[in-house]
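Heads up, the thing below is written out as structure tokens.
The values are calculated or read from the model by the stated rules, or taken from the named source; none is laboratory data. Bear in mind the structure is a predicted one, so any value in this text is a computation, not a measurement. Cβ atoms come from the backbone with ideal geometry, glycine included; neighbour counts cover every protein chain shown. The protein model used for the area step is the full one, side chains on, heavy atoms only, and it has no ligands, DNA or RNA in it. Shrake-Rupley method; radii C 1.70, N 1.55, O 1.52, S 1.80 Å.
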Amino acid sequence: MKNERLGFFQEVEIGTTSPYRGMKGSVVGVTEEDGVINGYAILVHAESRVLYFDKHEVAPTGLPRSRDSVD
């Protein structure tokens, strides 16, 4: 993923070597310093918990989600 910022509640797929690889989740937080995005807090749907992933570990699926769908 390049320097694009993911929107809150946007659905993402987790990649790289993470044990969560291939799972989907929703963006519920972002870490940013001096305008540079470092990573995202992702609600992993299959786990029902929030985990932090580096910005290079997640990719948007193109599906928006509403806040109600991630509660």
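Quickly run through the stretch 47-71 and pick out the residues that are small (Gly, Ala, Ser) and loosely packed, with under 11 Cβ neighbours inside 10 Å.
Of the residues in the stretch 47-71, the ones small (Gly, Ala, Ser) are 48, 59, 62, 66, 69.
Across the stretch 47-71, the qualifying residues are Ser48, Gly62, Ser66.
Can you spot a residue in the stretch 38-48 that is more than 8 Å from the chain's Cα centre (by Cα), among the acidic types (Asp, Glu), part of a strand (DSSP E or B) and modelled with pLDDT under 95?
no
Checking Leu43 against (1) hydrophobic (A, V, I, L, M, F, W, C); (2) within 21 Å of Asp68 (Cα to Cα); (3) open to solvent by 40 Å² or more (accessible area, probe 1.4 Å), only one condition comes out false. Which one?
Failed condition: (3).
Could we say that Arg49 is out of contact with any His (no Cβ under 8 Å at 6 or more places or on another chain), of a type outside the set (Phe, Trp, Tyr) and touching a residue at least 24 places away in the same chain (Cβ under 8 Å) here?
In short, no.
Name every residue in the stretch 21-40 that is open to solvent by less than 80 Å² (accessible area, probe 1.4 Å) and either of a type outside the set (A, V, I, L, M) or in contact with a Phe, Trp or Tyr (Cβ under 9 Å, 6 or more places away or on another chain) (or both), in order of residue number.
Within the stretch 21-40, Gly22, Gly25, Ser26, Val27, Val28, Gly29, Val30, Thr31, Gly35, Asn38, Gly39, Tyr40 meet the criteria.
Report the residue count in the stretch 1-37 for those that are modelled with pLDDT under 90 and charged (D, E, K, R).
3
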